[in-house]
Amino acid sequence: FHRGYYIRARAVDHCVQDFLLKTQSHPRTQILSLGAGFDSLYFRLKDMGLLHHTVVYEVDFPNVACQKATLIKRMKELSALVGDIGGEGLGVITFSGEDYKLLGVDLSELSELERALEEAGLDNEIPTLFIAEVVLTYMENRRSDALIQWAAEHFSQACFLLYEQMHPEDPFGRVMQQHFSQLNSALNSLAQYPDCEAQQRRFFEKGWTECSVMDMNEFFTCCTPEDEQQRVQALEPFDEYEEWHLKCSHYFVLTASKGMEPSWTPLLSNMTVPHCDGPVRMAGSITAVVCAMHSEISGLRRYGHHSVLIKPNVILTTGGFGEENGQHCRMRNFHVLIKHAGYWKAGCVKKEDPDKRWDERLYHTVSYVSNSLALVVGGRTSPSSAGLGMLWLKFPETCNASDPDDVTVELISPQPAAEPAALRWRHSTTEVIFKGEKYLFLYGGRSAMEPVLGDWYFLHTQELSCTVIPVEGPVPESRHSHSACSWKGGVLIAGGLGAAEQPLGSIFFLKELEHGFQWQTVETYPPLIPRYSHTAHVHDGKLLLVGGVWFYSSSVPGITIIDLMTGLCLDYAINVEHLEWPLMLHNHSSVFLPNEKELLLIGGGGNCFSFGTHLNPEPVSLSLSKILTSH
């Protein structure tokens, strides 16, 4: 929430101050804030000494304008800044100062608006900045279009600043739309103007001669100085990267102008990054279906968990945050999915010792190391707390692989020498083989002290001790929320979020050599689109990347298949027409069943800014046999 509202205010302030700077040689300028609500922009600009020759006009419904006028009069600091010169209560002017006019009028009634502004002294011959911060989308399109056109036609030197939502049809967008519909405040502009390109065309068609637009990920990356980015990132404990980047990809800032000399271009990038709003070429699509279930269980509605195949057709899911007994909480219980006679059964795992508590961790890993043992490594409770260590999960050597109720687990807390290495989360733990012995390769992640880690350890599973094995080659950039898969005795690392909170598109292979391991870069064609919070599997020389978050806001990641022999990289969309709910593929888990070539997606989702929490309600199955055969 804090970052989401910060970036909105930052974008508006950036553009407004740029307008004031570029027009400072003019004897008079004006700002017209449409649907200003209780915005404090005027008072901040005045306090900073930036309104030497600028008058600010604010317009909102009469009842809102009256409430705001009352608040200003009540507060000495505000009324002193504005310097009340009377005149309020005359017609639609509810408050009037030397350089501040507050008007109560309905924006959708254009003729009334024009009369009120003329009465308040708005001058259509001087440089004018129009501001519409999440306002026009609530109006009927014909009325908001008319307002945009009126501003272009009636003002000789005009600038327009627009901040609004976009991308209504992807999973986050559907949750966003549903939220506003429930508030009886539908976002009217989204159907006709769903993306940056459509909004840009709209302004050109309505008479504006220059127009730039970018989503808020691009604005934060390209128009926010690096030291300011670092200041914001260090302000408070933070671990909601997916939600932050998805929120930013569903809002845009647009600036348009006409008649301005020199031209007004506040959205010029301060760095060169690829623009990420163009279409992603898809090689095809894969249909998602809800798993055929004999029983349903709310415990699989979660995110930040981990799922692992512990026996053929038996999947264990642990940890995360989700829904348990009708409440949102960190998950206390373990759950299993068991496939029997073509159907999946879900159940809650019984603990051998009910008093032995699971420490309710998120973003941990679980590695199945023997017929009856799995090792939990790392994870966290709160992002301000130290990471959690290691935990053994012990299963019976034999159990009925058709009944979830027969699966039991014993929790064993070791005291390993390697415990400090495990105090991290959003890392990976992958089996590697060196000189015929198995090790777990613990890599990357983050901790309470370090926002991103690039170190690694070779964990000997029997003693849980770290073994020093030489590693040569180019060291990968530090990362967390990446994927890692065992392959040819080594490990494939793909994507992740880097030190600057930017998704990474690199793939590395840690290859076994006679005397140790070597990092090798895996080249792909075309280059892999940077992403993080995805899952991955290797099958028959192909790397499968599943879901995640990327900055290409025109689409969401589906399945990417990389041929590890040729480097060919193909993206496939996930067809969700058979699902009755949005499929959010971040913070999920996935299990690949190689014999059936079936991919099972479990959980996923999260908090969708102020629009509510969405958790994928049921496991989903994708059949990959066609694309794996044809690829």
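The table below gives the values:
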read-out	value
Cα gyration tensor shape of segment 186-240, rounded if a/c is under 1.5, else prolate or oblate by comparing a/b with b/c	oblate
Karplus 3J(HN,Hα) series, Hz, for segment 354-359 with 6.51 cos²θ - 1.76 cosθ + 1.60 (x for Gly, Pro)	x, 7, 7, 8, 7, 8
Net length gained if the chain between Lys488 and Val475 were fully extended (0.36 nm per residue, minus Cα distance)	2.7 nm
Cross-link reach list, aspartates and glutamates versus Lys597, counting only Cα pairs under 19 Å and skipping chain neighbours closer than eight places	Asp540, Asp563, Asp571
Percentage relative contact order, segment 282-623, counting C-alpha pairs under 8 Å, at least six apart	16 percent
Using alpha carbons only: equivalent-ellipsoid semi-axes of the chain, gyration tensor based, whole Å	53, 25, 23
Gain in span if fully extended, Gln24 to Thr467, counting 0.36 nm per residue against the direct Cα distance	153.0 nm
Solvent exposure, largest accessible area first (probe 1.4 Å, DNA, RNA and ligands not counted), of Tyr457, Tyr100	Tyr457, Tyr100
Coarse-grained scattering of segment 363-485 at q = 0.19, 0.23 Å⁻¹, given as base-10 log I(q)/I(0) from a Debye sum over alpha-carbon atoms	-1.06, -1.37
Distant-in-sequence amide H partners of Leu103 (H built 1.01 Å from N, under 5 Å)	Glu58, Val59, Asp60, Thr94
Rounded accessible area of Trp264 (nearest 10 Å², 1.4 Å probe)	10 Å²
Segment 123-278: C-alpha gyration tensor shape, a/c 1.5 cut-off, then a/b vs b/c	oblate
Mean Cβ count within 10 Å, highest first, over the residues of peptides 571-583, 331-343	331-343, 571-583
The chain, relative contact order in percent, only Cα pairs under 8 angstrom and at least six apart counted	11 percent
For segment 532-612, alpha-carbon Rg and Dmax in angstrom	13.6, 45
Estimated FRET transfer efficiency (Thr381, Glu109; beta-carbon r; R0 51 Å; 0.05)	0.40
Formal net charge of residues neighbouring Ala374 (Cβ-Cβ distance under 15 Å; K, R +1; D, E -1)	+1
Segment 29-122 - Debye-derived log10 I(q)/I(0), Cα point model, q = 0.15, 0.17, 0.18, 0.25 Å⁻¹	-0.50, -0.65, -0.73, -1.45
Cα-based shape type of segment 282-623, given that a ≥ b ≥ c are square roots of the gyration tensor eigenvalues and the cut on a/c is 1.5	rounded
Extension gain from Ser623 to Ser372, taking 0.36 nm per residue of separation minus the Cα-Cα distance	87.4 nm
Surrounding net charge for Met331, when Lys and Arg each add one and Asp and Glu each subtract one, Cβ distance under 10 Å	+2
Summed side-chain charge close to Gly284 - residues other than Gly284 whose Cβ falls under 12 Å, Lys, Arg +1, Asp, Glu -1	+1
J(HN,Hα) series, segment 336-347, from Karplus relation 6.51 cos²θ - 1.76 cosθ + 1.60, nearest Hz, glycine and proline x	10, 10, 10, 8, 8, 6, x, 10, 9, 10, 10, x
Using a Förster distance of 22 Å, the FRET efficiency for Thr613-Gln233 (Cβ separation, nearest 0.05)	0.40
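The values are calculated or read from the model by the stated rules, or taken from the named source; none is laboratory data. What you see is a predicted model, and the numbers here were worked out from it, not measured in a lab. Neighbour counts run over all protein chains shown; Cβ positions are idealised from the backbone, glycine included. These area figures cover heavy atoms from the full protein model, side chains too; ligands, DNA and RNA do not enter into them. Shrake-Rupley method; radii C 1.70, N 1.55, O 1.52, S 1.80 Å.
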